[in-house]
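Please treat every number below as a calculation from the coordinates, not as lab data. Small disclaimer: the values here were computed from a predicted structure and weren't measured. Don't worry about glycine lacking a Cβ; one is built from the backbone with ideal geometry, like all the others, and counts go over all protein chains shown.
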């Protein structure tokens, strides 16, 4: 996809906030014609910037083609503060408290190695973070899904 403009970004933000938004609602919210919204959505879907019927944004299509999985070891009394600080990091996509090696797992997106390095340095500056271990995603083979799980449950009924 070519570079996103301000309207594309506002449209994506609106769709992420409410994937079931109607064209008319989006048009009114963004202050543009219905045809403009419809054309933009079609273009975003055709370029696969929007996937899964418009409910997911493809990170690579918006320039974030480096995904890392970071295991974080934290001082336990600082856990709530670490999670609050992670919530404020825009490149952090999701965070889980985990068992086993490490205490917190997060997935983050970066535009390149330099961007990743800056994000990891920001994580290490968070009070309570002891160390991190990072693994890079090389290729997404199975995107997040729930259909097989729900399908199996429906067959059990």
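For every residue, the table says whether it meets (1) surrounded by 13 or more Cβ atoms within 10 Å (Cβ to Cβ); (2) at positive phi; (3) touching a strand residue (DSSP E or B) at 6+ places or on another chain (Cβ under 9 Å); (4) free of Cβ contacts under 8 Å to residues at least 24 places away in the same chain.
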| position | (1), (2), (3), (4) |
| --- | --- |
| 9 | no, no, no, yes |
| 14 | yes, no, no, yes |
| 17 | no, no, no, yes |
| 22 | no, no, no, yes |
| 31 | no, yes, no, yes |
Is there any pair with a first residue in region 142-157 that is in contact (Cβ under 8 Å) with a residue 40 or more places away in the chain and a second that is in a loop (DSSP other than H, G, I, E, B) and surrounded by 10 or more Cβ atoms within 10 Å (Cβ to Cβ) whose Cβ atoms are under 9 Å apart and which are 6 or more apart or on different chains, and what are they? none
Counted residues, region 68-99 - those being outside any loop (DSSP other than H, G, I, E, B), touching a residue at least 12 places away in the same chain (Cβ under 8 Å) and either crowded, with 18+ Cβ neighbours inside 10 Å or out of contact with any helix residue (DSSP H, G or I) (no Cβ under 8 Å at 6 or more places or on another chain) (or both): 20
Given the conditions (1) within 17 Å of the chain's Cα centre (by Cα); (2) surrounded by 14 or more Cβ atoms within 10 Å (Cβ to Cβ), and given that residue 102 satisfies all but one, which numbered condition is not satisfied? (1)
Matching residues, region 38-60, being part of a helix (DSSP H, G or I) and within 28 Å of residue 104 (Cβ to Cβ): 52, 60
